[in-house]
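Asker: Please find one structure pasted underneath; my questions will follow.
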Amino acid sequence: MRILVVGAGAVGGYFGGLLAQAGRDVTFLVRPGRLEFLRSGLVIEQLDRTLRIDVRATTADALDGTYDLVLVTVKSFGLEAAIDDFAPAVGPATTIVPLLNGMRHLDLLQARFGDRVVGGLCFVATHLDGGTVRQLGPLQTVMYGELDGTPTPRIDAVDAALTGAGFDARARSGPDGILQALWEKWFVLAAGGALTTLLGGDVGAIEAAPNGTRTALAIVAECASVAAAAGHEPSAKARASAERTLTAAGSDFTTSLYRDQAAGGEVEAEQILGDLVARADGLGVSVPLLAAADAALEMYRRGRAAS
């Protein structure tokens, strides 16, 4: 199976690099600046070892035909430009698996590529430091499945391509399939992102502050209420895990939304929080804390654009 990994950053570089290390036929689609880094190989610093992997990479103007599987790993705010870049690599039998945050990207991808798009998500804590992808925690999972939960041969083919490559790969089907998993991940991301950016610290610092735990639990409840109103209420296990993670004493847990903001970079505010608040409004669900967090991030984005 020919695999095109769109992006070679913290997510694409990590999973695509491990696939290449495992001998899969992987090509990275990147911008010219990232291509220069990859000419000397991809470096992945895992928790227990450092990998230096020779990889194949190309830019949009040099794509060589269509691919069987396209893994889309760019940040959500870069998706529209990426779609134009990888469109020539999509043929009639191509399967597109996006590993993006939120849900709105599915509408954009399906508008362009129709039913070649399936559901996908990942859980990984990684950071791109120059040319090196650094693993920050042990979780390294990719999930994928048809959006209607049906088991299909193409999902079986994706499963065969991704399993056994050094990370946890899981096909999801049935009523508890990939769509439910996408909503549960969004619920967690939005809760953690809203909490850490609104209060400006890691979970341990927030827990130690007056009303910190109270605020965390209220944000989790707001996120859960939106998901439930949309027909995808988080499981009791998922909600308990989110509450435990976001109220843990002494925890240094943060989110990518918080880390990107702290570094002065572009943030996925619209995709993670803005879209969730808009859906809450459409469903008649009150989410004042999420709205406040979204407004604060919009102020950050305006300030960044003006500087």
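Asker: Tell me, what is the Rg over Rh of region 135-285, with Rh the Kirkwood radius over Cα pairs?
Answerer: Ratio of gyration radius to Kirkwood radius for region 135-285: 1.00.
Asker: Using the Kirkwood radius built from alpha carbon pairs, what does the Stokes-Einstein equation give as D for region 2-174 at 4 °C and 1.567 mPa s, in µm² per second?
Answerer: Diffusion coefficient, whole number: 81 µm²/s.
Asker: How fast does region 77-163 diffuse by Stokes-Einstein, in µm²/s, taking the Kirkwood radius from C-alpha pairs at 4 °C and 1.567 mPa s?
Answerer: So the translational diffusion coefficient is about 89 µm²/s.
Asker: Quick one: Debye curve from the alpha-carbon atoms of region 119-212 only, equal weights, vacuum; give me log10 I(q)/I(0) at q = 0.15, 0.16, 0.25 Å⁻¹ to two decimals.
Answerer: Log10 I(q)/I(0), no solvent term: -0.76, -0.82, -1.21.
Asker: Could you grab the relative contact order for region 186-288? Cα pairs under 8 Å, six or more apart, rounded to a whole percent.
Answerer: Here the relative contact order equals 38 percent.
Asker: Right, another one. How large is the dipole of the chain about the Cα centre if only Lys and Arg carry +1 and Asp and Glu carry -1, each at its Cβ, rounded to the nearest 20 debye?
Answerer: So the dipole magnitude of the chain works out to roughly 360 debye.
Asker: In the calculated pair distance distribution of region 167-241, what percentage of Cα-Cα distances lie above 14 Å?
Answerer: Everything past 14 Å amounts to 63 percent.
Asker: Oh, and also: Report the rotationally averaged projected area of the chain based on its alpha-carbon convex hull, in square nanometres.
Answerer: 15.7 nm²
Asker: Set Lys and Arg Cβ to +1 and Asp and Glu Cβ to -1, take the dipole of region 2-174 about its Cα centre, and tell me which of His127, Ala171, His105 lies farthest positive.
Answerer: Projecting each Cα onto the dipole axis, the largest value belongs to His127.
The numbers here are math on the coordinates, done by the rules we state, and not lab data. Quick caveat: nothing in here was measured; it's all calculated off a predicted structure. Quick reminder, even Gly has a Cβ in these numbers, built from the backbone with ideal geometry, and neighbours come from all protein chains shown.
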